[in-house]
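Peer 1: I'd like to ask some things about the structure below.
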Amino acid sequence: MEDNFSKKGNKMLDKDTFKIVVDSTPLISIDLIVRDGENVLLGKRINKPAQGYYFTMGGRIYKNETIKEAISRIAKDELGISSRIDPKFIGIFEHIYPDSIFEDVSTHYINMGYELNLSLTTIDIPHDQHSDYTWMSVDTLLKTDKVHENVKLYFKNKEER
């Protein structure tokens, strides 16, 4: 999830206003679960929340931005993909974190998960949100403490969520 403020139509939220929003309401976000066969692409988070954990690529939806527009923007910003993609919706998830980009403020996301089958061997992935990238099998990511628990929810049975 990115740590910048609303960019849609050059309408920016100032930092103080955005802090009030994060402290007062859930944010709506999208995660792209990128798969290449049995492996999942994960990036090591640079920013809070989930800093230091391996996580899927994603971001919040901006005011007046459609879900389709947000998916395209996130794919470009987080994966370097500018071509049209058609990910499969896998469900709505809730991500609650004790921290955020603001001191003493928690973060609450209502997150829409989308799965995308894609090989990224020739794409130059941006490093704005993640310091390192790795492909990990679902079995491995479910067992390691280096992957955030919210990512693991995408791969657990509905009864386990």
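The values are calculated or read from the model by the stated rules, or taken from the named source; none is laboratory data. Just so it is clear, the model here is predicted, and its values are computed rather than measured. Note that we place each Cβ from the backbone using ideal geometry, even for glycine, and neighbour counts take in every protein chain shown.
Peer 1: Going by what's in this entry, would residue 41 be described as modelled with pLDDT under 95 and surrounded by 13 or more Cβ atoms within 10 Å (Cβ to Cβ)?
Peer 2: In short, yes.
Peer 1: If you check residue 55 against the conditions, is it touching a strand residue (DSSP E or B) at 6+ places or on another chain (Cβ under 6 Å) and either over 24 Å from residue 145 (Cβ atoms) or surrounded by fewer than 19 Cβ atoms within 10 Å (Cβ to Cβ) (or both)?
Peer 2: no
Peer 1: Closer than 19 Å to residue 156 by Cβ and of a type in the set (A, V, I, L, M, F, W, C): does that describe residue 55?
Peer 2: Yes; evaluated as a whole, the condition is true for this residue.
Peer 1: Considering only the range 80-100, state which residues are closer than 19 Å to residue 128 by Cβ, touching a Pro at 6+ places or on another chain (Cβ under 8 Å) and crowded, with 17+ Cβ neighbours inside 10 Å.
Peer 2: 100
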